[in-house]
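These notes are about the structure you will find just below.
The values are calculated or read from the model by the stated rules, or taken from the named source; none is laboratory data. Note that this is a predicted model, so its numbers are computed, not measured. Cβ coordinates were reconstructed from backbone atoms using ideal geometry, including for glycine residues, and neighbour counts include every protein chain displayed. Quick note on the areas: whole protein, heavy atoms, side chains included, nothing else; ligands and nucleic acids left out. Shrake-Rupley method; radii C 1.70, N 1.55, O 1.52, S 1.80 Å.
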Amino acid sequence: MQKITPFLWFDDQLEDAIAFYTAIFRNTRITDVKRGPDGRAFTASFELEGQHFMGLNGGPHFKFSEAVSFFLRCTDQAEVDYFWERLLDGGTPQHCGWLKDRFGLSWQIIPDALMRHLGDPDPARAARAQQAMMGMVKIDVAEPDRAAAG
């Protein structure tokens, strides 16, 4: 069991959010749902790709912001495209591989190739890859490859 679990505060869309996320990620499970007197979910626990989450229908008092985001590493362009299209459904694209989903959660959809280029021991190659990333919304895996190569 993880010691630290992200706890997500929703207005009243907890069950919709769980259905949305569990339809996108392949390795998921809902582990617990506590219902209020009205029969609606009050709290719930679920897992996405082995990451535990808890959620609350807490009302409109708090909103998500980009100050906290979920970093989703992707193996290739097909995986970037898959997660980008699905998580963006009803959401808003941002820059540099970031998006806000329909519930306001921020996600970074980042390919492993970009991370390799950004960590290149040659600072000029890393800088070119970073510059290419800064000009993108959804990351195109081939573009940082071309930029790093010069």
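Worth pointing out:
- Cα-Cα P(r), region 46-96, percent of pairs per 10 Å interval: 16, 46, 33, 5
- For C74, the amide hydrogen comes within under 5 Å of the amide hydrogens of I110, D112, counting only partners 5 or more places away or on other chains and with H modelled in the peptide plane.
- Carbon/sulfur fraction of accessible area - the chain, other protein chains in place, 1.4 Å, %: 54 percent
- Under a Gaussian network description of the chain, with springs only between Cα atoms under 10 Å, the residue in G58, G36, G119 that fluctuates furthest is G36.
- The phi-based Karplus calculation (6.51 cos²θ - 1.76 cosθ + 1.60; θ = phi - 60°) puts the 3J(HN,Hα) values of region 145-150 at 4, 5, 5, 5, 5, x Hz, whole numbers, x for Gly and Pro.
- Probe 1.4 Å, accessible area per residue of the chain, Å²: 56 Å²
- A DSSP coil position with no more than 14 other Cβ atoms inside 10 Å describes the following trypsin sites (Lys or Arg not before Pro) in region 31-75: R40, K63.
- Karplus 3J(HN,Hα) series, Hz, for region 44-59 with 6.51 cos²θ - 1.76 cosθ + 1.60 (x for Gly, Pro): 7, 10, 8, 10, 10, 6, x, 8, 7, 9, 10, x, 9, 8, x, x
- Backbone amide hydrogens, once placed in the peptide plane, bring M136 within less than 5 Å of C96, excluding anything fewer than 5 places away on its chain.
- Hull volume per residue, based on the alpha-carbon atoms of the chain and their convex hull, is 123 Å³.
- ³J(HN,Hα), Karplus 6.51/-1.76/1.60, whole Hz, each residue of region 79-95, x for Gly, Pro: 5, 4, 4, 4, 5, 4, 4, 6, 5, 7, 3, x, x, 9, x, 10, 10
- Over all orientations, region 1-72 has a Cα convex hull whose mean projected area works out to 5.4 square nanometres.
- For K3, a cut-off of 19 angstrom between C-alpha atoms picks up these aspartates and glutamates, skipping any fewer than 8 places away in its own chain: D32, E47, E49.
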